[in-house]
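Take a look at the structure below.
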Amino acid sequence: MSRDAGITQSRRFLWLYALAVAGGAVSYVPFLTLLLPLRASDMASAGTIDLLAYAAFAGAIAASCANIGFGWLSDVTRRRKPWIVAGMLSSSLLLLCVPLAQDRTQLLIAIVAWQLAVNMMLAPLAAWAGDVVPDNQKGFLGGLLAFAPTLGALSGAFVTIPGLAGPDLRLGLVAGLVVVMVLPVVVFGRPRAMPHLMADKPASPHGHRRAARDMVARMWLARLLVQIAEATMFAYLLVWISGIEPDFGDSDTARIFALVLGLSVPLALLAGRWSDIRSRPILPLVLGSGIGSIGLAIMALSGGLAGALFGYVVFGLSTSVFLALHSSQTLRFLPKPARRGRDLGFFNLTNTVPSLIMPWLTLAMVPVFGFSGLFWVLAGLAALATLLLATRLRGENAA
């Protein structure tokens, strides 16, 4: 039985924390997916694609390093909130400075600086949950985290409402939303202290330590494999479906994304709550990646619009639940509370590395085998993630 059986964190903190994590998504989703491409187009015109590629690469490297570094600094100082507030304020200010960039080099510098600041906020925010949310609520926390991508996408739709704001003011709206969503948990969250979550686990035999390290590695690799599939579908769904149905446009794609994100929230909440009640943290992850693999197989076999959309909805719902619950359940397997922020920074690589892998995988597969060949490869990656976790199902109650 878990050491924290019967001990719970306040619902107020959990909901405010989920709002703050959603604020983290708002800090980068509308900027990277909508506002930055528009600014790059105005600045570079014919060179927009190249500029965005450089920005994505430099940003991913900066985000990866900053997440590890600031997570480690919040470990060393043993304080999360000051780093969260500093990152929130500095990233918001840097976002407002983006319009001051006059050429490509200045824009890239601004993006790198902004990525550093954003991850100053995100890294300690992620580690804070590990400090104060017991294992018996990590499934529910994961369900709440499913709100983040949904609100991130909705914020992009909000700030780009025609006539609401000009290009520069949109950046100000994003910065304001981030402050409004992140600050409440810092000021009003007041989580109950959980000393047992800050203490190292009792010494265990070498075989047990090796099994624990093996589980951490499996969790890391499983998320990376699923994220590669998720990133690929996000980037190329419209291209693939428009090849099947030319009249299917970007607004239709946006509605499908919104449908999947909206339905994934209650599904993740139900799955997370069930995993808490039954003390089965791994099983929903196995089902999420496994069903996601089936969805990709349906897409690979589909020759029409209905089958294509059905396959994507199956894939999108299952993997959205997987990613939300994985984010919270990872916290139970990290071995050292004193380096929790740093270790989560390494897990964050599973969010940034796929953007570097995905374009090359697509270029290698699609010209030769078409999108169906790419989807079979992605289905194989999701199936491998399922296998990595399924082989540890028997030991999940002892985690």
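Looking at (1) within 17 Å of SER27 (Cβ to Cβ); (2) in contact (Cβ under 8 Å) with a residue 60 or more places away in the chain; (3) small (Gly, Ala, Ser), can you tell me which one ALA113 breaks?
So the condition that ALA113 fails would be (2).
I'm told GLY290 meets every condition in (1) farther than 18 Å from ALA390 by Cα; (2) surrounded by fewer than 21 Cβ atoms within 10 Å (Cβ to Cβ); (3) at pLDDT 95 or above except one. Can you identify the failing condition by its number?
Result: GLY290 passes all but (1).
Being assigned by TED's automatic domain parsing to the domain that holds ALA217 and closer than 30 Å to ARG80 by Cα: is that true of GLY345 here?
Numbers: assigned by TED's automatic domain parsing to the domain that holds ALA217: yes; closer than 30 Å to ARG80 by Cα: yes.
Yes: the conditions hold for GLY345.
Does PRO167 qualify as being modelled with pLDDT under 95, closer than 30 Å to MET299 by Cα and touching a Leu at 6+ places or on another chain (Cβ under 8 Å)?
Details: modelled with pLDDT under 95: yes; closer than 30 Å to MET299 by Cα: no; touching a Leu at 6+ places or on another chain (Cβ under 8 Å): yes.
The answer is no for PRO167.
Sort out for me the helices (runs of 4 or more DSSP H) sitting completely within the range 282-371 that have 2 or more residues that are of a type in the set (A, V, I, L, M) and touching a Gly at 6+ places or on another chain (Cβ under 8 Å). Please lay out each step first, then the result.
Numbers: elements: 283-301, 305-333, 340-352.
Where helices (runs of 4 or more DSSP H) fall fully within the range 282-371 and carry at least 2 residues being of a type in the set (A, V, I, L, M) and touching a Gly at 6+ places or on another chain (Cβ under 8 Å), they are 283-301, 305-333.
Going by what's in this entry, would LEU296 be described as crowded, with 19+ Cβ neighbours inside 10 Å and in contact with a Leu (Cβ under 7 Å, 6 or more places away or on another chain)?
On the way: crowded, with 19+ Cβ neighbours inside 10 Å: yes; in contact with a Leu (Cβ under 7 Å, 6 or more places away or on another chain): yes.
Criteria met by LEU296.
Tell me, yes or no, whether the range 358-371 has at least one residue that is modelled with pLDDT of 90 or more and of a type in the set (Ser, Thr, Tyr).
Checked the range 358-371: no residue is modelled with pLDDT of 90 or more and of a type in the set (Ser, Thr, Tyr).
More than 27 Å from ILE357 (Cβ to Cβ) and surrounded by 15 or more Cβ atoms within 10 Å (Cβ to Cβ) - does that describe any residue in the range 29-51? Let's see the steps before the verdict.
Taking the range 29-51 and keeping what is more than 27 Å from ILE357 (Cβ to Cβ), we get 42-43, 45-46.
With the extra rule that they be surrounded by 15 or more Cβ atoms within 10 Å (Cβ to Cβ), the set shrinks to 43.
Yes, the range 29-51 contains a residue that is more than 27 Å from ILE357 (Cβ to Cβ) and surrounded by 15 or more Cβ atoms within 10 Å (Cβ to Cβ).
If only one of GLY156, GLY176, GLY189, GLY130 is closer than 28 Å to SER264 by Cβ, buried (at least 22 other Cβ atoms within 10 Å of the Cβ), of a type in the set (Gly, Ala, Ser) and not assigned by TED's automatic domain parsing to the domain that holds GLY262, which one is it? If you could, list the steps in order and put the result at the bottom.
Working: GLY156 fails: buried (at least 22 other Cβ atoms within 10 Å of the Cβ); GLY176 fails: buried (at least 22 other Cβ atoms within 10 Å of the Cβ); GLY189 fails: buried (at least 22 other Cβ atoms within 10 Å of the Cβ).
Sole residue among the options that is closer than 28 Å to SER264 by Cβ, buried (at least 22 other Cβ atoms within 10 Å of the Cβ), of a type in the set (Gly, Ala, Ser) and not assigned by TED's automatic domain parsing to the domain that holds GLY262: GLY130.
When you scan the range 254-268, do you find a residue that is assigned to a loop (DSSP other than H, G, I, E, B), touching a Phe, Trp or Tyr at 6+ places or on another chain (Cβ under 8 Å) and over 15 Å from LEU145 (Cα atoms), even just one? Lay out the reasoning, then the answer.
Narrowing the range 254-268 to residues assigned to a loop (DSSP other than H, G, I, E, B): none.
Scanning the range 254-268 turns up no residue that is assigned to a loop (DSSP other than H, G, I, E, B), touching a Phe, Trp or Tyr at 6+ places or on another chain (Cβ under 8 Å) and over 15 Å from LEU145 (Cα atoms).
The values are calculated or read from the model by the stated rules, or taken from the named source; none is laboratory data. All figures in this text were calculated on a predicted structure; none of them were measured in a lab. We place every Cβ from the backbone using ideal geometry, glycine too, and count neighbours over all the protein chains shown.
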